[in-house]
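All remarks here apply to the structure that follows.
Values quoted throughout were computed directly from the atomic coordinates according to the rules given, and no laboratory measurement underlies them. Given the structure is predicted, the values throughout are model-derived calculations rather than measurements.
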Amino acid sequence: MSLITKLDTLRLSQMFIRFLTSVSIFSITVFFTPNFNVSSFPILILSSLTIIILDYLMSLITGIHDIPLGRGLVGFTSACIIIYITQFFVSGYYITFTSSLIAAAIYGIIDSMLPNTKKSTSN
């Protein structure tokens, strides 16, 4: 298996794990958070995909996830903004700014418990 194929497989598995994490977190968060409404399960899936894409674009533009602070306060702030902005891209997804703070906190806690999926490419 070539190095490029290994990297592509790793990237796809990271995206799939991120997607499953996002769907799980938001299904729980929607249930427990006031002023956080998702009209249906397909909207939940679409909003999760939107959040993944916005997070990826933000990391490309700013490099937030490449610095140690990316998992701290800066990461929390960017997650909060991404979760809030998603409502402007997905019809049927509504969240207040306060609820986006709660969702970002839940996301950060669960994400910090997951193992880091970045592997060294020197193997």
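The spread of Cα positions in the range 34-113, taken along each principal axis and listed from longest to shortest, comes to 36, 23, 21 Å.
Shown in residue order for the range 101-108 are the 3J(HN,Hα) couplings computed by the Karplus curve 6.51 cos²θ - 1.76 cosθ + 1.60 at θ = phi - 60°: 5, 5, 4, 5, 5, 4, 4, x Hz (x for Gly and Pro). Coupling constants for the range 49-60 follow from the phi torsions by the Karplus curve (6.51 cos²θ - 1.76 cosθ + 1.60, θ = phi - 60°), and in residue order they are 4, 4, 5, 4, 5, 5, 5, 4, 5, 5, 5, 5 Hz; glycine and proline get x. Full extension of the chain between SER24 and THR62 yields a length gain of 11.0 nm, computed as 0.36 nm times the residue separation minus the alpha carbon distance.
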